[in-house]
1. Can you pull out every residue in the stretch 34-56 that is closer than 17 Å to Pro87 by Cβ and not in a loop (DSSP other than H, G, I, E, B)?
2. Return the only residue of Met1, Met16 being at pLDDT below 95, hydrophobic (A, V, I, L, M, F, W, C) and open to solvent by 90 Å² or more (accessible area, probe 1.4 Å).
3. Could you look through the stretch 57-74, keep only residues that are in a loop (DSSP other than H, G, I, E, B) and in contact with a Lys or Arg (Cβ under 6 Å, 6 or more places away or on another chain), and pick out the one that is surrounded by the fewest Cβ atoms within 10 Å (Cβ to Cβ)?
4. Please go through (1) open to solvent by less than 70 Å² (accessible area, probe 1.4 Å); (2) out of contact with any Gly (no Cβ under 9 Å at 6 or more places or on another chain); (3) under 22 Å from Ala20 (Cβ atoms) for Arg77 and return the number of the only condition it doesn't satisfy.
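The values are calculated or read from the model by the stated rules, or taken from the named source; none is laboratory data. Predicted model only: the values in this text are computed from it and were never measured. Methodologically, a virtual Cβ is constructed for each residue, glycine included, from the backbone with ideal geometry; neighbour enumeration extends over all protein chains shown. Protein only, heavy atoms only, side chains kept; ligands, DNA and RNA dropped before computing areas. Shrake-Rupley method; radii C 1.70, N 1.55, O 1.52, S 1.80 Å.
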Amino acid sequence: MRSVFKYTQHNIAQVMESLAEYERSWYPLMDAFVHIAAEQTDAVYEWRWEQEECMRRDRGDATLGLTRSQVADFVDRFFPLYELCLPRLLSNGFFEGDDGDGTKTGCCLQLVIDRQRQLVSSSTK
């Protein structure tokens, strides 16, 4: 949990409350959810760096975009949620307790991919 320690408990609580509000507002409108998860969560750092490289190549300007350290700083801002929320999402699915009676069981498709974005496993929750 390396990135969680970069933030105060207050910061994390603010983010979690914002997510709770999002959940109350939007989740009731969803009938299904597809969750694509990285087999190794630290792969998101490399994937984000690849996006920067592609942008520079596509635009023909090597000076555009973020540096590696800026990419790491950017991803670090989201990583606490990976570390805090992903284990529960992987084990329980997206709609855990959403409607109170379990009728949405099986409405979350989880796809786990490796660093090369190849499918490793799939399941429904």
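1. His35, Ile36, Ala37, Ala38, Ala43, Val44
2. Met1
3. Taking the candidates together, the pick is Ala62.
4. Failed condition: (1).
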